[in-house]
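One structure is given below, encoded as structure tokens.
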Amino acid sequence: MTVGGVRAAARIVARDDGRGGTSLPVLAGDGPLALRRTRGSGAEARVMLVGAMSGPLGGDHFSVAADVESGARLLVGSAAATIALPGQDKGGARYDVRLSVADGGELRWLPEQLISAKGSDLCVTTQVEVGATGRLVLREEQVLGRVGEEPGRLAGRLSVRVGGRLVLDQELVCGAGAPGGWDGAAGLAGHRAVGQLLVVRPEFAEQPMTARVLGESAALMPLAGPAALVTAVATDALRLRRVLDAALATFD
Amino acid sequence: MSRAALLVLADGRFPAGGHAHSGGAEAAVRAGRITGAASLEDFCRGRLHTAGLVAASLAAAAAAGVDALSLDAAADARTPSPALRVAARKLGRQLMRAARATWPSEELDALARAFPKGAHQPVVLGVVARAAGLGASDAAYCAVYESVSGAASATVRLLSLDPFDATGVLARLAPELDRVADRAVESARRVAGEGVDALPAASAPLLEIGAEVHAGWPVRLFAS
């Protein structure tokens, strides 16, 4: 009998090295959450999250924390999609992400997709604190089931504070066992990929983005604060990524 | 507490402007996602468990006396679509006008002063419920019912759907309305200890995207 699943934690601290670059005084991961520093560009340090095991499985509890200090620039990606799988433990799995960006810091958080496999039950929480002059690009993509597979239950809550003020608090629950109507005309309407791109920039306080529709199934929306959100649904992961990549390009 | 006051407030004929909004049904009908009673029911059920739950929780918390400014900020953060934020404030302002004439109260006057352009409708609804002598559960019931009834009656007009079928949808959803209202009241109760983050933040992607698509149309039957 397994009691509980795997507990794993990863932590990154990015610091302005004073020579125009970013150092990583803390870069620690264990078990299924391994971290690798890769070649950065300019002032930006790059880290890849490398899955050393499959999962999370039922009962597992993963947590990742990244702190970008004042003036530092960090990009975090992942080597492959994360697949939520059922485990021997009947309980659900948890994945907690805590990100902070200090004033003058910049974080680009661009992991690969999260795929909900049949029978899995995963709850993801992402809490982000950005300083009033911090910058953030955050992408989240959820894929319901591998090819032709029914999804498990996937619950995600994303909350973002900028300068101490809540600008986004959003929860999405879908798949087997989610409250009714999640796949209806108000929710996903048969789409199997859903994603968000959040961009926080201090200049949006003075000049917010203009709301814009990106096709029939995506929209760019200025939030009540110095941030903009792109929400998109698509038939599959590839099409979703195309929409989010095109949206990201419009911010530059 | 007057049971009849709840009927006055929840009546679709209460002059608060709700009839001009489709709750996203117009966009969903045009996109071919609502085509009849079955897809309307799925749409309403999705709305109920997301926007409906959030609105009911905000209304219940406001009715319980939680600070309206913090609830309004929580509503903003839970409404990424600017079209939906505008619609919610417009509806809040209209409800405020009707309610101040119906149940004059110092709390309503203070809320109107704090939000000259309108607070989010569910927050106003909660404060109106207080002014009408109603409680958190009553406010939650008003909000959950509104979250589906507006879309159902709009679909009758948009699709020439049989009104009996639309009412049948609402009747079938009734047990779920009860459960969502209960959950809303429970979460509103937790705000006292945990702050407004304890309120649900359930979202429906196509409601938000559809609201933005709808706002861009040059001609439309409903305001949202």
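Things worth noting here:
- Whole-number percent relative contact order across chain B, with pairs defined as alpha carbons under 8 Å at least 6 apart: 38 percent
- Carbon-plus-sulfur accessible fraction, chain B (probe radius 1.4 Å, protein heavy atoms only): 56%.
- Contact order, relative form, for chain A: 12 percent (alpha carbon pairs under 8 Å, 6 or more residues apart, mean separation divided by residue count).
- About the centre of its Cα atoms, the range A:1-70 shows a dipole size close to 200 debye [charges on the beta carbon of Lys, Arg (+1) and Asp, Glu (-1) only; nearest 20 debye].
- Neighbouring partner chain Cβ atoms per residue of A:212-219, average, 10 Å criterion: 5
- Reachable lysines from residue B:90, criterion Cα separation under 27 angstrom, eight or more residues apart if same chain: B:117
- Degrees separating the helix B:136-159 axis from the principal Cα axis of chain B, which is the longest one: 20 degrees
- 0 to 90° range, to nearest 10: angle between helix B:205-215 axis and chain B longest Cα axis: 80 degrees
- Cα-based helix-to-principal-axis angle, B:37-47 vs chain B, degrees rounded to 10: 30 degrees
- The range A:8-251, accessible surface, carbon-and-sulfur percent (1.4 angstrom probe): 51 percent
- Across peptide B:47-55, the mean count of Cβ atoms from other chains lying within 10 Å of each residue's own Cβ comes to 4.
- Between the alpha-carbon centres of the range A:69-107 and the range B:104-174 there is a gap of 38 Å.
- Average beta carbon contacts from partner chains per residue of A:161-172, 10 Å cutoff: 5
- Hz values of 3J(HN,Hα) by residue in the range B:6-21 - Karplus curve (6.51, -1.76, 1.60), Gly and Pro given as x: 4, 5, 4, 5, 7, 4, x, 8, 4, x, 10, x, x, 5, 7, 10
- Charge dipole (debye, nearest 20) of the range B:115-200; +1 at Cβ of Lys and Arg, -1 at Cβ of Asp and Glu: 220 debye
- A straight Cα-to-Cα reach below 18 Å connects residue A:118 with the lysines A:90, residues fewer than 8 places away in its own chain not being considered.
- Note on the protein assembly as shown: percent of Cα-Cα distances in each 20 Å bin, starting at 0 and stopping at the bin with the largest distance, equals 24, 56, 19, 1.
- Taking every protein chain into account, the accessible area of the range B:3-215 amounts to 39 square angstrom per residue (probe 1.4 Å).
- The range A:1-130, accessible area per residue, ligands and nucleic acids excluded (1.4 Å, Å²): 46 Å²
- Net charge over other residues, Cβ less than 15 angstrom from the Cβ of residue A:18 (K, R count +1; D, E count -1): 0
- Along the axis of the charge dipole computed for the range B:1-70 (Cβ charges of +1 for Lys and Arg, -1 for Asp and Glu, origin at the Cα centre), the listed residues B:7, B:37, B:56 are led at the positive end by B:37.
- The range A:192-233 and the range A:117-181: distance between their alpha carbon centers, rounded to Å: 16 Å
- Taking packing as the residue-averaged number of other Cβ atoms within 10 angstrom, the listed peptides A:135-146, A:81-92, A:177-188, A:5-16 run from highest to lowest as A:177-188, A:135-146, A:5-16, A:81-92.
- Summed over both chains, the contact between B and A buries some 2600 Å² of accessible surface at a probe radius of 1.4 Å.
- HN-Hα J in Hz across the range A:109-118 - Karplus 6.51, -1.76, 1.60, θ = phi - 60°, x for Gly and Pro: 10, 10, x, 6, 5, 10, 10, 9, 7, 4
- Dipole of chain B, positive end: most advanced residue of B:69, B:133, B:210 [Cβ charges, Cα centre]: B:210
- With Cα atoms as the point set, the range B:3-215 shows a radius of gyration and Dmax of 15.9, 48 Å.
- The H on the amide N of residue A:6, modeled in the peptide plane, is under 5 Å from the matching H of A:60, A:61, each at least 5 residues off or on a different chain.
- Couplings for the range B:121-133, taken from phi via the Karplus curve 6.51 cos²θ - 1.76 cosθ + 1.60 with θ = phi - 60°, read 3, x, 5, 4, 4, x, 5, 4, 4, 4, 4, 8, x Hz in order; Gly and Pro are left as x.
The values are calculated or read from the model by the stated rules, or taken from the named source; none is laboratory data. All figures in this text were calculated on a predicted structure; none of them were measured in a lab. FYI the Cβ positions are ideal-geometry reconstructions off the backbone, even for glycines, and counts take in every protein chain you see. For the accessible areas, the whole protein counts, side chains as well, though only heavy atoms, and no ligand, DNA or RNA atoms are used. Shrake-Rupley method; radii C 1.70, N 1.55, O 1.52, S 1.80 Å.
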